[in-house]
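Undergrad: Got a structure here, written out as structure tokens. Questions coming.
We did not get these values from a lab; they are worked out from the coordinates using the rules stated. Everything quoted here is computed from the prediction, not taken from an experiment. Glycine gets a Cβ as well: all are built from the backbone with ideal geometry, and neighbour counts include every protein chain shown.
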């Protein structure tokens, strides 16, 4: 059984059935599933807000919510120490990955574009040390510039049209402090492979395009299919020391 199957089994078959029904409903109202959708909702703001509105408090209605940290982040955290680091969780959703970063000892700021998502995360973790905020990746607070030793992005990029990648790359890079790390985890595809989606799996070229503004790609893992767990990239970028 793959990672996804194991987690679905823990959550229950009813959860999986509710998720499938919710996904069908969301696909039906997703403008990016229709011609002209990119122009209608270029940054996906309306769709992200629709996801949380239609969920009506049921996490099965949020396609990226599994009520626990994602395994590829857990594996990465298990192999190193981030205790005491300043970390930023991008597109935090219901907060599980942000909580994993905090549990590993980091001082975490987590943000989402959708206020409902942030309120939901705060409600789920009322005693959390994570600073949950509503913010826009493309118009983030100025005080976040160069403020984080670790910037974590999981599944946000694959929900965005490719045309936004250059702006997203500069935005993510702007958060990374000297000697800091950007960690990107996304579904993967080969060049020329049919996109499908959204979500849109990223190519190696897509991943490499995030090495901007002083960031260099130091590790790129191509993690193959395992049961019902699809192929993924896990990419680590590093900024040099100040003055280097």
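Undergrad: Using R₀ = 45 Å, calculate the FRET efficiency as 1/(1 + (r/R₀)^6) where r is the Cβ-Cβ separation of residue 33 and residue 238; round to 0.05.
TA: Efficiency at R0 = 45 Å is approximately 0.75.
Undergrad: How high is the FRET efficiency from residue 222 to residue 13, r the C-beta distance, R0 25 Å, rounded to 0.05?
TA: Efficiency for this residue pair is about 0.20.
Undergrad: In Å and on Cα atoms, what radius of gyration and Dmax does the chain show?
TA: In Å, with Rg to one decimal and Dmax whole: 17.2, 55.
Undergrad: Residue 134 versus residue 46, label points 7 Å from Cα toward the beta carbon: distance in nm?
TA: Using points 7 Å along Cα→Cβ, the separation is 1.9 nm.
Undergrad: Let me ask another. Assign one of three labels to the stretch 19-122, namely rounded, prolate or oblate, based on the Cα gyration tensor with a ≥ b ≥ c the square roots of its eigenvalues; rounded applies when a/c is under 1.5, prolate when it is not and a/b is larger than b/c, and oblate otherwise.
TA: prolate
Undergrad: Assuming R0 = 25 Å, can you tell me the calculated FRET efficiency for the pair residue 212 and residue 80, based on Cβ-Cβ distance, to the nearest 0.05?
TA: Taking R0 as 25 Å, the efficiency between residue 212 and residue 80 is 0.55.
Undergrad: Stretched out fully, how many nm does the piece from residue 53 to residue 20 gain, at 0.36 nm a residue minus the Cα gap?
TA: Gain in length upon complete extension: 10.2 nm.
Undergrad: Starting from the Cα gyration tensor of the stretch 65-188, take the square roots of the eigenvalues, sort them a ≥ b ≥ c, and report rounded, prolate or oblate (rounded when a/c is under 1.5, otherwise prolate if a/b is larger than b/c, else oblate).
TA: It is rounded, given that a/c, with a ≥ b ≥ c, falls under 1.5.
Undergrad: Specify whether the C-alpha gyration tensor of the stretch 117-243 places it in the rounded, prolate or oblate class, a ≥ b ≥ c being the square roots of the eigenvalues: rounded for a/c under 1.5, otherwise prolate if a/b is larger than b/c and oblate if not. Mind dumping the intermediate values first?
TA: Values: a/c = 1.71, a/b = 1.20, b/c = 1.43.
Taking the square roots of the gyration eigenvalues as a ≥ b ≥ c, the stretch 117-243 is oblate.
Undergrad: A follow-up question, please. In the chain, what % of DSSP beta bridges are antiparallel (nearest 5)?
TA: Among the beta bridges of the chain, antiparallel pairing accounts for roughly 45 percent.
Undergrad: Continuing with the same structure: Mind telling me which of 98, 194, 171 comes out most flexible in a GNM of the chain, alpha-carbon contacts under 10 Å?
TA: 194
Undergrad: Would you calculate, for the chain, the mean residue ellipticity at 222 nm contributed by helices, counting each DSSP H stretch of 4 or more residues as -39,500 (n - 2.57) and dividing by all residues, to the nearest 500? Intermediate results must be reported in sequence, preceding the final value.
TA: Details: 9 runs with 83 residues, N = 244.
-9500 deg cm²/dmol, from helical runs alone.
Undergrad: Still on this structure: Any idea what the relative contact order of the chain is, in percent, if you count C-alpha pairs under 8 Å spaced at least 6 apart?
TA: So the answer I get is 17 percent.
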